[in-house]
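Only the coordinates and a few stated rules stand behind these numbers; no lab work does. Being a predicted model, the structure only gives us computed values, none of them experimental. Virtual Cβ from ideal backbone geometry, glycine too; neighbours counted across all protein chains shown.
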Amino acid sequence: MLHTLCRAKLSRATITAQNPNYEGSIAIDEDFMDAAGILPFERILVGNITSGKRFETYVIPAPRGSKTISLQGGTAHYGLPGDRIIGMIFGLFTPEEAKGFKPKVVKLDEKNNIVGTSPV
């Protein structure tokens, strides 16, 4: 049996843009992706702290150092620039891998500066 655990989290990121004229995804600064161990096209569950909406999509890289968190396509209707979100990446783990596992958490401030990284 495999267990589904949160393996990475972007905590309190601020939406910087919306682009409804795209097929659909969320664009995330490559620095944030690297810090959390998120891969391009990986599935992500996003919780909008401001509105309470939740949605699932996939990640595309935004330019490194841009501090971009941009809702693309249909996801653009789930948040506004300035909204705070939490992005969660899940993985499948064997019972042995799951025991004692701690996800990588990247904490961001209101201007999307990384203010901390740590296991939970």
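Restricted to the stretch 64-110, and to residues there that are among the β-branched types (V, I, T) and assigned to a loop (DSSP other than H, G, I, E, B), the residue that is nearest to A36 (Cα to Cα) is T68.
Scanning the stretch 52-65 for residues that are surrounded by fewer than 18 Cβ atoms within 10 Å (Cβ to Cβ) and closer than 20 Å to D109 by Cβ yields P63, R64, G65.
In the condition set (1) in a strand (DSSP E or B); (2) crowded, with 20+ Cβ neighbours inside 10 Å; (3) touching a Phe, Trp or Tyr at 6+ places or on another chain (Cβ under 9 Å); (4) not basic (K, R), I28 is compliant with all but (3).
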